[in-house]
Amino acid sequence: MKNPHKDKSWFKFLSNKYVWVLLFFFTWMIFLDNYSYFDHRILDQQIEDLEDNAAYYKEEIKKDQQNIKQLKNPEQTEKYAREKYYMKKENEDIYLIEFEGDTIEKK
């Protein structure tokens, strides 16, 4: 019994052993390997997220350094303590006024 597709070009191409080896290799590398394409996509996304976090924390460090420079001045230290921690001088009263529906969030 003769195969009717044996003389077709696509049949010759698919019956080639090198084609099968290459298909197996690419399938293995894309889906099954420890360093597959999909794993690399996930790792690249994680790297991108970590780089974004690094940029955010660098900005926060710059802000904190500016605050430290300002807090070396005694007047700025007093102002910060009054605003942030509601500290007061002796014989001084502090009144906190809160309005109903105030949109300012407390930290």
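Under a 10 Å cutoff between Cα atoms, tell me which one of 18, 37, 57 has the largest fluctuation in the Gaussian network model of the chain.
18
Could you state the number of Å between the C-alpha centres of segment 36-67 and segment 3-28?
Result: 45 Å between the Cα centres.
Based on the alpha-carbon gyration tensor of segment 1-43 and its eigenvalue square roots a ≥ b ≥ c, which shape applies: rounded if a/c is under 1.5, prolate if not and a/b is larger than b/c, or oblate? List each step's numbers first, then the result.
On the way: a/c = 4.83, a/b = 4.16, b/c = 1.16.
It comes out prolate by the Cα gyration axes.
For Cα extents along the principal axes in Å, the choices are (i) 36, 31, 19; (ii) 111, 37, 19; (iii) 48, 27, 24; which was calculated from the structure?
(ii)
Along the charge dipole of the chain, Cβ charges K/R +1 and D/E -1, which of 20, 70, 95 sits furthest on the positive end?
20
Relative contact order of the chain: what whole-number percent is it, with Cα pairs under 8 angstrom and at least 6 residues apart? Let's see the in-between values first.
On the way: 21 pairs, mean separation 6.7, N = 107.
This gives 6 percent for the chain.
Please give the per residue accessible area of segment 29-73, computed with a probe of 1.4 Å over protein heavy atoms only, in Å².
Details: 4280 Å² over 45 residues.
Spelled out: the 1.4 Å probe surface of segment 29-73, per residue, equals 95 Å².
The values are calculated or read from the model by the stated rules, or taken from the named source; none is laboratory data. All values reported here derive from a predicted model rather than from experimental measurement. No Cβ is skipped: glycine too gets one built from the backbone with ideal geometry, and neighbour counts run over all protein chains shown. With ligands, DNA and RNA removed, areas are computed over all heavy atoms of the protein, side chains included. Shrake-Rupley method; radii C 1.70, N 1.55, O 1.52, S 1.80 Å.
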